[in-house]
Amino acid sequence: MQTSLSLAADAAPTPDRRAAVRLEGVTVGYDSGPDVVIGASMDVRAGSVSIVTGASGSGKSTLLHLLRTALAPREGRVLLLRSDVAQLPRDVRTALKRRIGYAAQTPVFLEDETLFDNVALPLNLDPASRQTAQDVMELLGFLGLNKDAGRRAGALSAGQRKLAALARALVAQPDIILADDPLAGVGAEGELRVTKLLGELSRLGAAVIVAACSEIPALKGAVWRLDDARLTLSPESVLKPLDPAR
């Protein structure tokens, strides 16, 4: 998603509406353990929001690990940005991963470094990035963290850490955004900021996938349910047909 971090209402996005994420009969698990997700098929368009709901331990985080290429499927195909991940050379897969932003349920930081430096880390790791310090501060400001930019990560509250993890996931302007329970512990104002930001980024062309225990009324999109290792689309979720071209 190549766009300015500016979230002005008069921005003129031209998102690609084809499938940014496609799962075809995917089964996944850890090492020699049982299957956590079985036979999952899923399409997520660029410029859309999908919310994956399910009880704690149902496999939502595992699904996000699969989508960020941290896990390989035991069966089936994973296509990200119209590329079959299993067929990609290592260098191409590395480049693909840079186009995915992931905010973990329990984020890890460089605790002795500042909030600013932690959020800017993806930019420092990608020499091709065109984002600047001003962009980082704009994002922190949108999430209400700009006054804490100079604080050590280890001094942040749990809610601030969740918001900081989201900022770090978004700073490089990814095409695919994966957020694991991003509203937990951030408070009412934080929830408003997060849902507004994710909704706006989807409008600007990103494919947004959020894992949560229940639906998020303020975030409009398709609702999926993960239960007993099976992923199903809510009957109430109506999606426009995808462009058949990948």
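Inside region 51-74, residues that are over 16 Å from Ser41 (Cβ atoms) and charged (D, E, K, R) make up a count of 2. Given the condition closer than 14 Å to Ser48 by Cβ and among the basic types (Lys, Arg), answer yes or no: does some residue in region 198-210 qualify? Among the residues of region 198-210, at least one is closer than 14 Å to Ser48 by Cβ and among the basic types (Lys, Arg), which makes the answer yes.
For region 22-63, name all the residues that are among the acidic types (Asp, Glu) and modelled with pLDDT under 95. Explain how you work it out, then say what you get.
Within region 22-63, the first condition is being among the acidic types (Asp, Glu), and the residues that meet it are 24, 31, 35, 43.
Within region 22-63, just Asp31 meets the criteria.
Which of the residues spanning region 97-113 are within 25 Å of Ala212 (Cα to Cα) and either surrounded by 12 or more Cβ atoms within 10 Å (Cβ to Cβ) or within 12 Å of the chain's Cα centre (by Cα) (or both)?
Step one: of region 97-113, the residues within 25 Å of Ala212 (Cα to Cα) are 97-109.
Passing the criteria: Lys97, Arg98, Arg99, Ile100, Gly101, Tyr102, Ala103, Ala104, Gln105, Thr106, Pro107, Phe109.
Would you call Val186 over 30 Å from Leu79 (Cβ atoms), in the same structural domain as Ser56 (by TED's automatic domain parsing) and either buried (at least 21 other Cβ atoms within 10 Å of the Cβ) or of a type in the set (A, V, I, L, M, F, W, C) (or both)? Here the answer is yes, as Val186 does meet what is asked. Quick check on region 122-154: of everything there that is buried (at least 16 other Cβ atoms within 10 Å of the Cβ) and closer than 29 Å to Asp84 by Cα, which residue is modelled with the lowest pLDDT? The extreme case among them is Ser129. In region 137-152, which residues are among the hydrophobic types (A, V, I, L, M, F, W, C) and within 15 Å of Leu110 (Cβ to Cβ)? Passing the criteria: only Ala149. Under the condition of being touching an Asp or Glu at 6+ places or on another chain (Cβ under 8 Å) and farther than 22 Å from Glu200 by Cβ, the residues counted in region 137-170 number 4. Criterion applied to Ala55, Ala86, Ala120 was being in a helix (DSSP H, G or I) and in contact (Cβ under 8 Å) with a residue 24 or more places away in the chain, and the one residue passing it is Ala120.
Of all the listed residues (Leu66, Leu71), the sole one being in a loop (DSSP other than H, G, I, E, B), at pLDDT 95 or above and in the same structural domain as Val210 (by TED's automatic domain parsing) is Leu71.
Restricting attention to region 9-21, and to residues there that are among the charged types (D, E, K, R) and surrounded by 14 or more Cβ atoms within 10 Å (Cβ to Cβ), which single residue is modelled with the lowest pLDDT? Quick ask: steps written out before the conclusion?
Keep residues of region 9-21 that are among the charged types (D, E, K, R), which gives 10, 16-18.
In the following step, the residues that additionally are surrounded by 14 or more Cβ atoms within 10 Å (Cβ to Cβ) were identified as 16-18.
Values: Asp16: 57, Arg17: 64, Arg18: 79.
Among those that are among the charged types (D, E, K, R) and surrounded by 14 or more Cβ atoms within 10 Å (Cβ to Cβ), it is Asp16.
The values are calculated or read from the model by the stated rules, or taken from the named source; none is laboratory data. Quantities reported herein were computed from a predicted structural model and do not represent experimental measurements. Quick reminder, even Gly has a Cβ in these numbers, built from the backbone with ideal geometry, and neighbours come from all protein chains shown.
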